[in-house]
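Comments concern the structure below.
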Amino acid sequence: MIVQACINGARPADFHPALPLDPDAMARDGAASLTAGAAELHVHARGAGRQESLAPEATDRTVAALRRACPGTLIGVSTGAWIEQDDRRTLAAIAGWHELPDYASVNLSEAAAPEVMEALRGRGVGIEAGLASIGDALRLAGLDHGGRVLRVLIEISEQTLDEAFSVADGIEKVLQREGIRRSILLHGENATVWPFVERAAARKLSTRVGLEDGKELPDGSVAAGNAALVAAAVKIYRKA
C-alpha cells in the first residue's frame, strides 16, 4: 500500500495559491510531499502559459527537476487526451521524451488508449491503467487482461457517495471475474476524496491525494498545500 501525491493535475492557477505549475515549484512540492509520507509522485507537466503539455521540452524539464529534488522516487505523468487534444501529437510527444517518467497513467475511456499504451511500452515506461467505469474495466480485460500494466487505477468521478461506491464496486467485480491481478490504487475526487482514502486504507489498497483531486482536508478546511493533504492521508492509513 502506498499514498501517491497527485500535486497539480489539470487545475487552473486560481484553484489554490500553492498549486505548483512550473518545474521548480513541482520539485519543491514533490519533495515536501515525500517528507509528509508520500511514496510516489504523479504530475502534469506544464508548458507555455502554464498549460498542460506532453511536449518533450515540458515533460523533460519537469521530470529532470523532480529527479534532482526527489532521487529514487517513482515519478508518473498523465497522458490524458485533453492535454494535446490530438492523438498523433500525444504519440509524437511520447516518442520524443528524453527524461522518461517511471510510469504514465492511461485512461481506458479514451479512444487511443491501446496505441498510447503500446507507445509507452515501447519506451519502457510503466502503465497505470485508469478505470473510471465498468466499461473501462471490460476494455482492459479485452486488451490484454491487464497482464502488462504496472497497476490499475480505480478513479471515480461520481460525486454522490452511494453512486461512487457502486461504480467502484462494479469495477472491482469485473477485475476479480476477469482474473486481473494487479495492484490497485483507489481514489475519488472533490467530494469523495476522503471517503475513498478511508475505503482504500480499510481494504489495504493504495490511494492518492493532492491538489489534482481536491484541496480540502478531512475536516473540510482548505489545506495549506499538497504536503498537508498527504499527511492527512498517511494518518488515516496508520489508524486503519
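The values are calculated or read from the model by the stated rules, or taken from the named source; none is laboratory data. What you are looking at is a predicted structure, and each value in this text was computed from that prediction instead of being measured. Backbone-built Cβ (ideal geometry, glycine too); neighbour counts: all protein chains shown. For accessibility, only protein heavy atoms count, side chains too; no ligands or nucleic acids. Shrake-Rupley method; radii C 1.70, N 1.55, O 1.52, S 1.80 Å.
Taken over region 27-40, the criterion of being small (G, A, S) and assigned to a helix (DSSP H, G or I) is satisfied by A27, G30, A31, A32, S33. From the list G220, G146, the one residue that fits, being surrounded by fewer than 22 Cβ atoms within 10 Å (Cβ to Cβ) and touching a helix residue (DSSP H, G or I) at 6+ places or on another chain (Cβ under 9 Å), is G146.
When both residues are 6+ apart or on different chains and their Cβ atoms are under 7 Å apart, which pairs have a first residue that lies in region 189-206 and is within 12 Å of A233 (Cβ to Cβ), and a second that is in a helix (DSSP H, G or I) and aromatic (F, W, Y)? Hits for this filter: A201/Y237.
Remark: pairs (first residue in region 144-162, basic (K, R); second residue open to solvent by less than 40 Å² (accessible area, probe 1.4 Å) and outside any loop (DSSP other than H, G, I, E, B); Cβ separation under 6 Å; 6+ apart in sequence or on different chains) = R151/E128; R151/L185.
Just a yes or no: is a residue in region 208-215 in contact (Cβ under 8 Å) with a residue 12 or more places away in the chain, surrounded by fewer than 19 Cβ atoms within 10 Å (Cβ to Cβ) and either out of contact with any strand residue (DSSP E or B) (no Cβ under 9 Å at 6 or more places or on another chain) or within 20 Å of A141 (Cα to Cα) (or both)? Scanning region 208-215 turns up no residue that is in contact (Cβ under 8 Å) with a residue 12 or more places away in the chain, surrounded by fewer than 19 Cβ atoms within 10 Å (Cβ to Cβ) and either out of contact with any strand residue (DSSP E or B) (no Cβ under 9 Å at 6 or more places or on another chain) or within 20 Å of A141 (Cα to Cα) (or both). Filtered by the rule that a residue be open to solvent by 50 Å² or more (accessible area, probe 1.4 Å), of a type in the set (G, A, S) and either in contact with a Cys (Cβ under 6 Å, 6 or more places away or on another chain) or closer than 25 Å to S133 by Cα (or both), region 85-123 gives S109, A111. Of the residues making up region 37-50, those that are surrounded by fewer than 19 Cβ atoms within 10 Å (Cβ to Cβ) and closer than 25 Å to Y237 by Cα number 2.
Filtered by the rule that a residue be open to solvent by less than 10 Å² (accessible area, probe 1.4 Å) and outside any loop (DSSP other than H, G, I, E, B), region 4-26 gives Q4, A5, C6, M26.
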